Amino acid sequence: MPTARALAKAQEEGYDLVEIAPTSQPPVCRILDFGKYRYELQQKTKDAKKKQRAVTWKEIRVSPKINEHDIDTKIRSAAKFLDEGDKLKVTVRFRGRELAHPDRGRVLLLAIGDKLKEHGTIERQPLLEGRSMGMVMNPLRRDAAPAPVGPASAQPASAPAATAALRPAATAPRPAPTAAPASRPAASAQPVLRGTASLRSAGAPAPAPHTPPPPGPAPVARPAPPATPSAPPVARPSPSPRARRPA
């Protein structure tokens, strides 16, 4: 509606005509209490300031010829900064003729970023700025909720049928034994020999009976040899006692 008509309607109702979106075509206005509207804006601004956190920058400086133990010390400090929620800038400073090999600084920065991947992410890749090369890292968000994991015991509806299909055939019921045929050969009525390794089949020939060997001539008894008389023991004289020497 025209501006004059909207203003007259707002005054008629006892409110104010507030322009909400002045840049849109046509501009957007609302009829409301301006004091209450300004108070609500102030409260929203305060809440936003409470929730937001000031970004703190931390920086660590290394050289292309830094020792391995010094790198570990720098990485421990950088991990502490990232865990506290601060942004980190890693800088490699070149001195003298070291600027002729900037690839060494790039490799060093990427190695540091790889070691800090559990604490932060690389926001800006290594960039050469004058005689120094810098890399910016952001801390990881610790308040991110993990993805829900479904129950491990959940199975599809067709699981029982698939389980039944995979059972071995040994669980199936055995068929009932059938009656022996009536036309069985009569040779099966022969007695079975005990003590043999295996049973003979009905058609196998019977083994020959064991025949003892014929008796031979009786052994001749030989006389025992005469005993040889032993020699009588020789009596040996007992040794004479030694003569005692005078003291």
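Tabulated values for the structure
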{"quantity": "Count of residues meeting criterion [in a helix (DSSP H, G or I) and among the acidic types (Asp, Glu)] in the stretch 72-84", "calculated": "2"}
{"quantity": "Pairs where the first residue, in the stretch 28-46, is open to solvent by less than 100 Å² (accessible area, probe 1.4 Å) and the second is among the acidic types (Asp, Glu) and in a helix (DSSP H, G or I), C-beta under 8 Å, 6+ apart", "calculated": "Ile31/Glu13"}
{"quantity": "Residue identified as touching a Phe, Trp or Tyr at 6+ places or on another chain (Cβ under 6 Å), more than 30 Å from Asp114 (Cβ to Cβ) and not acidic (Asp, Glu) among Leu17, Leu41, Leu7, Leu32", "calculated": "Leu32"}
{"quantity": "Enumeration of residues in the stretch 75-95 that are open to solvent by 40 Å² or more (accessible area, probe 1.4 Å) and within 15 Å of Met133 (Cβ to Cβ)", "calculated": "Lys89, Arg93, Arg95"}
{"quantity": "Residue that is surrounded by the most Cβ atoms within 10 Å (Cβ to Cβ) [pool: residues in the stretch 100-120 that are part of a helix (DSSP H, G or I) and touching a helix residue (DSSP H, G or I) at 6+ places or on another chain (Cβ under 9 Å)]", "calculated": "Gly105"}
{"quantity": "The stretch 47-74, residues that are of a type in the set (Lys, Arg), open to solvent by 100 Å² or more (accessible area, probe 1.4 Å) and closer than 20 Å to Gly120 by Cβ", "calculated": "Arg53, Arg61"}
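Residue-wise test of (1) part of a strand (DSSP E or B); (2) of a type in the set (A, V, I, L, M); (3) modelled with pLDDT of 90 or more.
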position	(1), (2), (3)
Glu19	yes, no, no
Pro26	no, no, no
Ile31	yes, yes, yes
Tyr39	no, no, yes
Thr45	no, no, yes
Ala48	no, yes, no
Ile60	yes, yes, yes
Asp70	no, no, yes
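The values are calculated or read from the model by the stated rules, or taken from the named source; none is laboratory data. On a predicted model such as this, the values are computed, not experimentally measured, just so you know. Because the Cβ atoms are built from the backbone with ideal geometry, glycine has one as well, and the counts that use them run over all protein chains shown. Ligands, DNA and RNA are stripped out before the accessible areas are found, and what is left, the full protein with its side chains, is counted by its heavy atoms. Shrake-Rupley method; radii C 1.70, N 1.55, O 1.52, S 1.80 Å.
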